Amino acid sequence: MDKSQLVSTTTDETAGGNGGRRLAPEEVERVLDAVFGTMDRPGVIAGALREGETVTLGSFGSFHGENGTAAFRPGKALTEYLHDETG
């Protein structure tokens, strides 16, 4: 999945099936750029890692710095989902 597919899929998911407001693709792209960064500027995750922080995203997992490199540790729920162990 590339960025444009991620934006499109996320846009489709934002209404939540409850008649909620669907975010515009431009809004989703701005949020993704702010969180993950662009070629021109780092996102908030990169900034936090540079400051020595760990960024935890609930059951998805966490990002942390390891010897000057970004590393990801998947959360338990994500691991169970990928192993088809969820109910």
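The values are calculated or read from the model by the stated rules, or taken from the named source; none is laboratory data. What you are looking at is a predicted structure, and each value in this text was computed from that prediction instead of being measured. Here the Cβ is made from the backbone with ideal geometry for all residues, glycine too, and neighbour counts use every protein chain on show. Remember, those area values only see protein heavy atoms, side chains included, never the ligands or the DNA or RNA. Shrake-Rupley method; radii C 1.70, N 1.55, O 1.52, S 1.80 Å.
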(message) Every residue in the stretch 43-59 that is surrounded by fewer than 13 Cβ atoms within 10 Å (Cβ to Cβ), touching a strand residue (DSSP E or B) at 6+ places or on another chain (Cβ under 8 Å) and in contact (Cβ under 8 Å) with a residue 12 or more places away in the chain, please.
(response) Arg50, Gly52
(message) Return the residues of the stretch 60-85 that are among the β-branched types (Val, Ile, Thr) and either open to solvent by less than 70 Å² (accessible area, probe 1.4 Å) or under 19 Å from Thr10 (Cα atoms) (or both); say none if nothing qualifies.
(response) Thr79
(message) List pairs: first residue in the stretch 6-17 and within 15 Å of Val31 (Cα to Cα), second residue surrounded by 14 or more Cβ atoms within 10 Å (Cβ to Cβ) and acidic (Asp, Glu) anywhere in the structure, Cβ distance under 7 angstrom, at least six positions apart or on different chains.
(response) Val7/Glu29
